[in-house]
Amino acid sequence: MSAASPERISNGISDKRLVLSVREARKAYGFVTALAGASLDLCEGEIVALLGDNGAGKSTLIKAITGIVTLDSGAIELDGRPLRLRSPADARASGIETVFQDLAVFDNLTVSDNFLIGREQTWPRWLGPLGFLSARQEQRQWREHASALSVSHVSPSHEIGLMSGGQRQAVAVARAVAFARRVVILDEPTAALGVRESDEILTMVRRLPERGLSVIIVSHNMDHVVRVADRAVVMRQGRSVGEMDVRQGVQKDLVAMIMGVT
Amino acid sequence: MGADVDIAGKSSGTATGRRDALSIVLLLLQAGPIIILVTLVVAFGLLAPHFISVRNLQNLLAQSAIVCALGLGQFLVILVRGVDVSVGSVIALSVVTVATLTGVDQPSSIALVIYPLVGLVVGLINGLLIVKGGIPQPLVVTVAMLGIVAGVVLLISGGNTLVGVSPAVHWLANGKVLGIPAGALMVLILAGLFWLLLRRTQWGRWLYAVGGNPDVAQWVGLPRDRLIMSAYAICGTTAGIAGMLYHGRTGSASPLSGVGYELDAITAVVVGGASLFGGRGSITNVLFGALIIATIRSGLQQLDVSPFWSSVAIGIGILVALELDVLRKHIENRIRTLRARQVNQ
Ligand SMILES: Nc1ncnc2c1ncn2[C@@H]1O[C@H](COP(=O)(O)OP(=O)(O)OP(=O)(O)O)[C@@H](O)[C@H]1O
Ligand SMILES: [Mg+2]
C-alpha cells in the first residue's frame with residue numbers, strides 16, 4: 001500500500017473523528033451475494049471514494065446506509081451510535097442525504113418541488129400531509145439555498161423533465177447537499193454528464209467539508225476521483241479489498257486495485 | 001473570427017427556436033381536451049339543429065355526471081401508474097346494497113353514506129392486494145375484483161331488481177339548481193375539492209411524485225404504499241358516489257347496474273390527457289374528457305347515427321389519445337437534448 005502523501009494537507013484519518021462506520025455488512029438477493037462482509041469508515045470532513053467494478057456491491061452498500069436495503073448481518077454506526085434504519089426517511093432524519101445512481105429526480109415535478117420533496121412544510125400542522133403548501137415559503141427556501149449551491153441559474157418553477165442531464169443532476173445534488181447534516185452520499189453523480197457539467201458538480205462536492213460534511217462518492221472515473229477524494233476504498237465481489245490515500249498520479253494504482261492485479 | 005462567432009450564435013439561435021416551437025406543441029397537447037370538446041360541440045351544433053339547446057345541454061351534463069365522478073377517482077389511480085376496472089361492479093354493489101339494506105320504499109338519508117362506504121371498502125381491498133399482496137399488475141387484480149364483486153351483487157340480490165329509490169337520491173340525480181342538474185353540480189364541487197387536494201396539499205404533490213417515479217419516491221422516504229392505497233380507496237369511493245347517481249337516474253336497483261362503465265371512466269381520463277405512464281394529468285382535463293365522451297354519445301344520437309358507431313368513435317378516441325401521449329414523451333426528450341446541447345455550447 002502506498003505511503004501517505006506529503007504534499008497533501010494531511011487529512012490525517014487517525015486524528016479525525018469517526019462519523020460513519022460500516023462493519024462486516026452482508027446482503028444476499030436470493031442466490032446473488034451483493035455484500036459479503038464489506039466495511040467502510042468515514043471521518044469528519046473527509047471525502048471517500050468508493051470504487052469497484054460493475055456489480056462489486058457499491059450501490060448495495062450505499063442503499064444499506066440509506067435505509068433502502070436491510071442488511072442480513074453487520075453493523076452501521078453513526079457518530080459512535082448504532083444506526084437502525086427502517087426506512088429511507090430514518091436516514092434523512094439522521095442527517096444522511098443521498099444522490100442515487102441514474103438521475104433520481106421526479107421528471108413531472110418542478111425544480112423546487114424536487115428540491116423540497118419530503119420536506120414540504122404544511123399548514124395547518126394538524127392536517128399532516130393533507131395540510132396546504134405555501135408557494136411563497138417554498139420560493140423563499142429555494143432562494144436561500146440556490147445561490148450557495150450553484151443552481152441559481154436554474155428556474156425553480158420549470159418542470160425538471162425538460163432540463164438537461166446536468167441541470168437535473170445539479171438539482172439532485174443540491175437537494176442532498178442542502179439538507180444533509182452529517183453525510184452526503186453520491187452514487188456516480190457524474191456518470192451521465194458532459195465535461196462542464198461534471199466540473200460544476202465536482203467543485204460543489206469539493207467544498208462540502210468546509211461545512212463539516214463527510215462525503216462518500218462512487219465513480220468509475222479515476223480522474224474525477226483524484227480531483228475530489230481524500231481516500232479511496234475499493235470493493236470487489238461484495239468485500240472491501242483495500243484502501244489508498246488519493247493524490248495526483250495514483251490513477252493506475254487505483255485501477256490495478258479495482259481489477260485485482262497487484 | 002467574426003464569422004466563427006456568427007455561426008455559433010446562429011446555431012444556438014436555431015436550437016432555441018426549435019425548442020420554443022416544440023414547447024408550443026407541448027402546450028397545445030396540454031390544451032388538447034378543451035380544444036377537442038369545443039370543436040365537437042360546435043360541429044354537432046352545426047349538424048344537429050337541437051344539439052345546442054338548454055334541454056339537451058342539461059341532459060348532457062346530467063348524463064356525464066356519472067362518468068365524471070368515476071373519472072375523478074380513476075384519475076388518481078392512473079396518476080400512480082395503476083388502473084381500476086372494478087368500478088363498474090362497484091356501482092352495482094353500492095346500488096344493490098343500499099336497496100337491500102334500507103328497502104326502497106322507506107325514504108332514508110342514511111343511504112347517502114352507504115353508497116360511498118361500499119365503494120371505499122372495495123377500493124381498500126384493491127389497494128391492499130396491489131400494495132401489500134405484492135401483485136404488481138393492477139389490471140389483473142381489478143379485473144378479478146370486477147368479477148368477484150359482480151358475483152357478490154348477484155348473490156345479494158338473488159338476481160332480482162328492486163324498483164324504487166329514496167327521494168333524496170332521486171333529487172340529486174334528476175333535480176336542478178338554477179337550471180343546472182344537481183348531480184353535475186355535486187360532481188363539480190367534488191372536482192373542486194380534488195383539485196385543491198392534488199394541487200395545494202402535500203399529499204397531492206406526493207401522489208404526483210409517486211406516479212412520476214415510484215422508486216425515487218421510496219428512496220426519498222415518501223410513504224409510497226400508503227399513497228397508492230389512498231388512490232385506490234378514493235377511486236372506490238367515487239365509484240360508490242357514481243352508483244348513487246346511477247341509482248337515482250334509473251330509479252331501480254338492478255344487479256346489472258353500471259356494466260361497462262369502467263371503460264367510460266378510463267376513457268375519460270385518457271382522453272383527458274392523463275398519461276398511463278403515470279404522474280401526468282389534471283382534474284379539469286378529466287372533466288373535459290368525460291364531457292367529450294358524453295358529447296360524442298349524445299351528438300351521434302341526435303344525428304340518428306347507430307349507437308354502435310359511438311363505441312367505435314370512443315375506441316378510436318382512446319387510441320389517438322394514447323398516441324398523443326407517446327408523442328408528448330418524445331417531444332419532451334427532444335427538448336431535453338436540445339437544451340443539453342445548448343448548455344454545452
Ligand atoms: N435488487 C436486486 N436484486 C437482485 N440482485 C441485485 C439487486 N441489486 C443488486 N443486485 C446484484 O448485487 C450485486 C451488486 O450490485 P450493486 O448494484 O451493488 O453493484 P455496483 O457496485 O453498484 O455496480 P455498478 O458499478 O454497476 O453500479 C450485483 O451482482 C447485482 O446484480
Ligand atoms: Mg451502482
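The values are calculated or read from the model by the stated rules, or taken from the named source; none is laboratory data. All figures in this text were calculated on a predicted structure; none of them were measured in a lab. Every residue, glycine as well, gets a Cβ built from its backbone with ideal geometry; the counts of neighbours run over all protein chains shown. Calculation scope for accessible area: heavy atoms of the full protein, side chains included, ligands and nucleic acids excluded. Shrake-Rupley method; radii C 1.70, N 1.55, O 1.52, S 1.80 Å.
Cβ-Cβ below 7 Å, separation at least six or inter-chain, first residue in the stretch B:43-72 and part of a loop (DSSP other than H, G, I, E, B), second among the aromatic types (Phe, Trp, Tyr): which pairs?
Pairs found: B:PHE51/B:PHE44.
Just for helices (runs of 4 or more DSSP H) wholly inside the stretch B:102-191: which have at least 2 residues that are hydroxyl-bearing (Ser, Thr, Tyr)? So that I can check it myself, show each step before the final result.
Numbers: elements: B:111-131, B:138-157, B:167-174.
Qualifying helices (runs of 4 or more DSSP H): B:138-157.
Could you say which residue among B:LEU319, B:LEU300 is open to solvent by 70 Å² or more (accessible area, probe 1.4 Å), of a type in the set (A, V, I, L, M, F, W, C), part of a helix (DSSP H, G or I) and away from chain A (no Cβ under 14 Å)? Steps first, please.
On the way: B:LEU300 fails: open to solvent by 70 Å² or more (accessible area, probe 1.4 Å).
Being open to solvent by 70 Å² or more (accessible area, probe 1.4 Å), of a type in the set (A, V, I, L, M, F, W, C), part of a helix (DSSP H, G or I) and away from chain A (no Cβ under 14 Å) holds for just one of B:LEU319, B:LEU300, which is B:LEU319.
Provide a single number: the residues in the stretch B:173-207 that are more than 14 Å from chain A (Cβ to nearest Cβ) and not polar (S, T, N, Q). It would help to see each step written out before you state the result.
As a first pass, look at the stretch B:173-207 and keep what is more than 14 Å from chain A (Cβ to nearest Cβ): B:173-192.
With not polar (S, T, N, Q) added as a condition, the list becomes B:173, B:175-192.
The qualifying residues number 19.
Has the stretch B:254-262 got at least one residue that is open to solvent by 30 Å² or more (accessible area, probe 1.4 Å), in contact (Cβ under 8 Å) with a residue 24 or more places away in the chain and within 14 Å of chain A (Cβ to nearest Cβ)?
No, the stretch B:254-262 has no match at all.
Looking for something within 14 Å of chain A (Cβ to nearest Cβ) and closer than 25 Å to B:ILE148 by Cα - is there at least one such residue anywhere in the stretch B:322-331? Break it down into steps so the answer makes sense when it comes.
From the stretch B:322-331, those within 14 Å of chain A (Cβ to nearest Cβ) are B:325, B:328-331; that's our starting set.
In the following step, the residues that additionally are closer than 25 Å to B:ILE148 by Cα were identified as none.
There is no residue in the stretch B:322-331 that is within 14 Å of chain A (Cβ to nearest Cβ) and closer than 25 Å to B:ILE148 by Cα.
Could you list, in sequence order, the residues of the stretch A:150-168 that are away from every other protein chain (no Cβ under 11 Å) and open to solvent by 10 Å² or more (accessible area, probe 1.4 Å)?
Residues satisfying the conditions are A:SER150, A:SER152, A:SER155, A:PRO156, A:SER157.
Taking the stretch A:96-108, which residues are open to solvent by 10 Å² or more (accessible area, probe 1.4 Å) and either more than 10 Å from every other protein chain (Cβ to nearest Cβ) or more than 14 Å from ligand 1 (Cβ to nearest atom) (or both)?
Residues satisfying the conditions are A:GLN101, A:ASP107, A:ASN108.
Inside the stretch A:56-66, can you point out the residues that are more than 8 Å from ligand 1 (Cβ to nearest atom) and either away from chain B (no Cβ under 14 Å) or under 26 Å from A:ARG207 (Cβ atoms) (or both)? Step through it out loud before you land on a result.
Our first condition is that a residue be more than 8 Å from ligand 1 (Cβ to nearest atom); within the stretch A:56-66, this holds for A:64-66.
Within the stretch A:56-66, A:ILE65, A:THR66 qualify.
Tell me which residues, restricted to the stretch A:185-197, are modelled with pLDDT of 90 or more and within 14 Å of chain B (Cβ to nearest Cβ). Step through it out loud before you land on a result.
Of the stretch A:185-197, the ones modelled with pLDDT of 90 or more are A:185-189.
Hits for the stretch A:185-197 are A:ILE185, A:LEU186, A:ASP187.
Which residues, counting only those in the stretch A:137-149, are within 14 Å of another protein chain (Cβ to nearest Cβ) and open to solvent by less than 20 Å² (accessible area, probe 1.4 Å)?
A:GLU138
I want to confirm something. Restricting to the stretch A:230-262 and keeping residues that are open to solvent by less than 30 Å² (accessible area, probe 1.4 Å) and of a type outside the set (A, V, I, L, M, F, W, C), which single residue is modelled with the lowest pLDDT?
A:GLY242
Yes/no per residue for (1) more than 20 Å from B:VAL220 (Cα to Cα); (2) away from ligand 1 (no atom under 16 Å from the Cβ); (3) in contact with a Cys (Cβ under 9 Å, 6 or more places away or on another chain):
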position	(1), (2), (3)
A:GLU159	no, yes, no
A:ARG168	no, yes, no
A:ARG175	no, yes, no
A:VAL195	yes, yes, no
A:SER198	yes, yes, no
A:ILE216	no, no, no
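I'm checking my understanding of the structure. Among residues of the stretch A:23-55 that are touching a Gly at 6+ places or on another chain (Cβ under 7 Å) and within 13 Å of ligand 1 (Cβ to nearest atom), which one is nearest to A:GLN251 (Cα to Cα)?
Looking at the filtered set, the residue picked out is A:ALA38.
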